[in-house]
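Colleague: First, the structure itself, so that you have it in front of you.
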Amino acid sequence: MFCDICKKSEATVHLTQIVDNKMLKIDLCEACSKAKGIQEATGFSLADLHVGLGAADEITGDGGLKCPVCGFTQADFKKTGRLGCSTCWETFEQGLGTLLKAMHKSDRHVGKVPSKAAHTLVITQRIKELAGELEGAVRGEKYELAAQLRDQIRELESQLKNAALGPV
Amino acid sequence: MKIDELLNTPSDWIRTEGPNNKIVMTSRVRLARNLKNFSFPGWAKKPERQKALEVMRPVIEALPEMAQCFSDSMDNIQSLDKQILVERHMISREHAARNIGSGVVINDKGTICVMVNEEDHLRMQALKSGLQLKSVFKLIDRVDTELEEQLDFAFLPRLGYLTACPTNVGTGLRASAMVHLPAMVLSDQINQVVQAVNKLGLAVRGLYGEGTEALGNVFQVSNQTTLGEKELDVIERLNKVILQIIEHEENARCTLLEKRPRLIYDQVGRAYGVLSNAHTISSKEALNLLSLMRMGVDLELFPAQRRPVVDELFILVQPAHLQKAAARKLTAEERDVYRADLIRDRLKDVAKPAVAEPGAAADGPTEMV
């Protein structure tokens, strides 16, 4: 078996990590494992190496998906370890999940939100609230109120459509 | 601003005067951002990259922080100048290799650098001397907020800022401190520290980042993850670890001075001896010896006013800086000669290390009479 990185020397270091009930494996030669700083498996994420190699088997699992916007395919990801455009993140989201969990603290963003996106989030939240009220109004047969609420929702929805980000 | 003006004025952070600057040379925070409606630079064809550059560059140049700035397309910058920008940690080695369709904007102080169409559409960094990660973060965060008013960044609420590589998605933030740890190397503690830091989910790398050697006992410590943790929490976590590293290095220095003063005096004295007398010297040897001299300044074996000389040499002895000073291309052998000449010249007024403490006397004569 040859080393996954240099593909020349015999692989003598075999690492396996279980992430999210899925197995990530890598086989390295002595020199490459040293170069990558692997002395012990703890504190070391195989996912990072996989990205470096572009050998994310997890992603290639569900048959050649292709990004509708930029034409990037799973095979391209395997080759480069990089994605093609922002829509690729949605196209390949499912396959990327395991990789992200292995690589990061969690698979959910908790940091900064651009003000435009924050605005969109607020509107989306407000639409949800209004929809609840609308349901109540219809149930209570308050049709005048319901009509007002419906207009408000339509107004907010058109704002969302015009906003750069679209509904979230 | 022309590139020579930028390169001839020493960047703010080279005159290392920030807090904890004995051990922490610089603090740096970079953010990765991408435009929503363009393919990532690595996948986009040349015309699309050029168009994205045309969209982004004027917006960056118009920032108040960039009132005085150097801004150019990578194909207009000579390869030697690009190399100097790499040696000053202003652009990445990867970015230096780029040409048409990529650009760079740097403020006059050299503290804010924005790479356009590197691996991501925008890689913006702020850089200051010493340990001041939080203020560096605030600086670049402000730039980011100003940019997002005019540019549509790719963002999903669940995944955060979208990047070309999954390792950067989320905050897109990489914070790092460049630390100088000669005593931990001398006392063989460095591997323990590297392993401990790795276990905390932080990375330790060499002088020029991923895959580079720790020349001159300088290491870069940075966060590894970008998803699932808030920006300021990452900064705070890294800051705590750096403070601990500083304490370990200081302890290692004290212990060495107390228990093996001769080792310290010998190492610093030899470094001084070779640097001020060599007629040919490689950049690796020069950096490793300058590291020992820098520690000598910290330990007051050299007067404190010598610190800037040593710190500047750290930058000036590197290949591109030497060739810029020589105003021509130099072969490796010529560089070694030129480097030795430069170092001898700069150190000609620096007296040999003062090791007249009582501990030194007990340890044996320091001067042959």
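The values are calculated or read from the model by the stated rules, or taken from the named source; none is laboratory data. Note that this is a predicted model, so its numbers are computed, not measured. Here Cβ is always computed from backbone atoms with ideal geometry, including for glycine, and neighbour counts include all displayed protein chains.
Colleague: It is to be established whether one or more residues within the range A:143-150 are more than 34 Å from the chain's Cα centre (by Cα), modelled with pLDDT of 85 or more and not in a helix (DSSP H, G or I).
Modeller: The answer is no, given that none of the residues of the range A:143-150 is more than 34 Å from the chain's Cα centre (by Cα), modelled with pLDDT of 85 or more and not in a helix (DSSP H, G or I).
Colleague: On the basis of being more than 13 Å from chain A (Cβ to nearest Cβ), touching an Asp or Glu at 6+ places or on another chain (Cβ under 7 Å), touching a residue at least 12 places away in the same chain (Cβ under 8 Å) and over 23 Å from B:ARG294 (Cβ atoms), does B:ASN117 make the cut?
Modeller: Details: more than 13 Å from chain A (Cβ to nearest Cβ): yes; touching an Asp or Glu at 6+ places or on another chain (Cβ under 7 Å): no; touching a residue at least 12 places away in the same chain (Cβ under 8 Å): yes; over 23 Å from B:ARG294 (Cβ atoms): yes.
Spelling it out, it is not the case that B:ASN117 is more than 13 Å from chain A (Cβ to nearest Cβ), touching an Asp or Glu at 6+ places or on another chain (Cβ under 7 Å), touching a residue at least 12 places away in the same chain (Cβ under 8 Å) and over 23 Å from B:ARG294 (Cβ atoms).
Colleague: From the set of residues in the range B:97-112 that are of a type in the set (A, V, I, L, M) and part of a loop (DSSP other than H, G, I, E, B), which is farthest from B:ARG57 (Cα to Cα)? Spell out how you get there, then give the answer.
Modeller: Kept after step one, since they are of a type in the set (A, V, I, L, M), are these residues of the range B:97-112: B:97, B:100, B:104-106, B:112.
This time we only want the ones that are part of a loop (DSSP other than H, G, I, E, B), so: B:97, B:100.
Values: B:ALA97: 19, B:ILE100: 13 Å.
Per the stated criteria, the residue is B:ALA97.
Colleague: Across the range A:97-114, which residue is surrounded by the most Cβ atoms within 10 Å (Cβ to Cβ) among those that are at the interface with chain B (Cβ under 7 Å from one of its Cβ atoms) and of a type in the set (Gly, Ala, Ser)?
Modeller: Filtering the range A:97-114 for residues that are at the interface with chain B (Cβ under 7 Å from one of its Cβ atoms) and of a type in the set (Gly, Ala, Ser), the one surrounded by the most Cβ atoms within 10 Å (Cβ to Cβ) comes out as A:GLY111.
Colleague: Considering only the range B:175-182, I want to know if a residue exists there that is within 12 Å of chain A (Cβ to nearest Cβ) and crowded, with 24+ Cβ neighbours inside 10 Å. Don't jump to the end; show me each part of the working.
Modeller: Filtering the range B:175-182 for residues within 12 Å of chain A (Cβ to nearest Cβ) gives none.
Checked the range B:175-182: no residue is within 12 Å of chain A (Cβ to nearest Cβ) and crowded, with 24+ Cβ neighbours inside 10 Å.
Colleague: Which of the residues spanning the range B:123-168 are facing chain A (nearest Cβ under 8 Å), assigned to a loop (DSSP other than H, G, I, E, B) and small (Gly, Ala, Ser)?
Modeller: Correct list: B:ALA154, B:ALA164.
Colleague: Can you report the number of residues in the range A:115-136 which are among the acidic types (Asp, Glu) and either over 30 Å from A:GLN159 (Cβ atoms) or surrounded by fewer than 14 Cβ atoms within 10 Å (Cβ to Cβ) (or both)?
Modeller: Going through the range A:115-136, the residues among the acidic types (Asp, Glu) turn out to be A:129, A:133, A:135.
Those left that are additionally either over 30 Å from A:GLN159 (Cβ atoms) or surrounded by fewer than 14 Cβ atoms within 10 Å (Cβ to Cβ) (or both): A:129, A:135.
Within the range A:115-136, residues that are among the acidic types (Asp, Glu) and either over 30 Å from A:GLN159 (Cβ atoms) or surrounded by fewer than 14 Cβ atoms within 10 Å (Cβ to Cβ) (or both) number 2.
Colleague: Find all pairs meeting these conditions: Cβ atoms under 6 angstrom apart; at least six residues apart or on different chains; first residue within the range B:48-76 and assigned to a strand (DSSP E or B); second residue modelled with pLDDT of 95 or more and surrounded by fewer than 20 Cβ atoms within 10 Å (Cβ to Cβ).
Modeller: The qualifying pairs are B:SER71/B:GLU61.
Colleague: Listed residues B:SER79, B:SER39; which is surrounded by 22 or more Cβ atoms within 10 Å (Cβ to Cβ) and small (Gly, Ala, Ser)? Spell out the reasoning first.
Modeller: Values: B:SER79 fails: surrounded by 22 or more Cβ atoms within 10 Å (Cβ to Cβ).
When all the criteria are applied, what remains is B:SER39.
Yes or no, residue by residue, for (1) at pLDDT 95 or above; (2) at negative phi; (3) not hydrophobic (A, V, I, L, M, F, W, C):
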site: B:ARG88; (1), (2), (3): no, yes, yes
site: B:SER92; (1), (2), (3): no, yes, yes
site: B:GLY103; (1), (2), (3): yes, yes, yes
site: B:THR111; (1), (2), (3): no, yes, yes
site: B:ASN117; (1), (2), (3): yes, no, yes
site: B:SER129; (1), (2), (3): no, yes, yes
site: B:GLN132; (1), (2), (3): yes, yes, yes
site: B:SER135; (1), (2), (3): yes, yes, yes
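Colleague: Let me ask something else. Checking B:THR9 against (1) at pLDDT below 95; (2) crowded, with 22+ Cβ neighbours inside 10 Å: exactly one of these is not met. Which one?
Modeller: Every condition holds for B:THR9 apart from (2).
Colleague: Here's something else I'd like to know. Going by the structure shown, is B:LEU207 farther than 30 Å from A:ARG108 by Cα, buried (at least 20 other Cβ atoms within 10 Å of the Cβ) and without any contact (Cβ under 8 Å) to a residue 24 or more places away in the chain? Walk me through it before giving the result.
Modeller: Numbers: farther than 30 Å from A:ARG108 by Cα: yes; buried (at least 20 other Cβ atoms within 10 Å of the Cβ): yes; without any contact (Cβ under 8 Å) to a residue 24 or more places away in the chain: no.
Taking the combined requirement at face value, the residue does not satisfy it.
Colleague: Return a yes/no flag: does the range A:79-96 have any residue that is surrounded by 14 or more Cβ atoms within 10 Å (Cβ to Cβ), of a type in the set (Lys, Arg) and at pLDDT below 85.
Modeller: Taking every residue of the range A:79-96 in turn, none turns out to be surrounded by 14 or more Cβ atoms within 10 Å (Cβ to Cβ), of a type in the set (Lys, Arg) and at pLDDT below 85.
Colleague: Given the structure, is B:GLU94 surrounded by fewer than 23 Cβ atoms within 10 Å (Cβ to Cβ), within 14 Å of chain A (Cβ to nearest Cβ) and either over 22 Å from the mean Cα position of the chain (by Cα) or outside any loop (DSSP other than H, G, I, E, B) (or both)? So that I can check it myself, show each step before the final result.
Modeller: Working: surrounded by fewer than 23 Cβ atoms within 10 Å (Cβ to Cβ): yes; within 14 Å of chain A (Cβ to nearest Cβ): yes; either over 22 Å from the mean Cα position of the chain (by Cα) or outside any loop (DSSP other than H, G, I, E, B) (or both): yes.
It is true that B:GLU94 is surrounded by fewer than 23 Cβ atoms within 10 Å (Cβ to Cβ), within 14 Å of chain A (Cβ to nearest Cβ) and either over 22 Å from the mean Cα position of the chain (by Cα) or outside any loop (DSSP other than H, G, I, E, B) (or both).
Colleague: Now, a different point. Tell me whether the range A:24-34 contains one or more residues that are at pLDDT below 75 and buried (at least 17 other Cβ atoms within 10 Å of the Cβ).
Modeller: Of the residues in the range A:24-34, the ones at pLDDT below 75 are A:24-25, A:34.
Adding the requirement that they be buried (at least 17 other Cβ atoms within 10 Å of the Cβ) leaves A:24.
Checked the range A:24-34: at least one residue is at pLDDT below 75 and buried (at least 17 other Cβ atoms within 10 Å of the Cβ).
Colleague: Taking the range B:153-183 on its own, how many of its residues are farther than 30 Å from B:GLU258 by Cα and hydrophobic (A, V, I, L, M, F, W, C)?
Modeller: Restricting attention to the range B:153-183, the residues satisfying the condition of being farther than 30 Å from B:GLU258 by Cα are B:153-176.
Among the residues that remain, those that are also hydrophobic (A, V, I, L, M, F, W, C) are: B:153-156, B:159, B:162, B:164-165, B:169, B:173, B:175.
Here the count works out to 11.
Colleague: Still on this model: Kindly indicate whether B:VAL193 is modelled with pLDDT under 95, part of a helix (DSSP H, G or I), of a type in the set (A, V, I, L, M) and closer than 19 Å to B:LEU133 by Cβ. Outline the logic, then answer.
Modeller: Details: modelled with pLDDT under 95: yes; part of a helix (DSSP H, G or I): yes; of a type in the set (A, V, I, L, M): yes; closer than 19 Å to B:LEU133 by Cβ: yes.
Judged against the criteria, B:VAL193 is a match.
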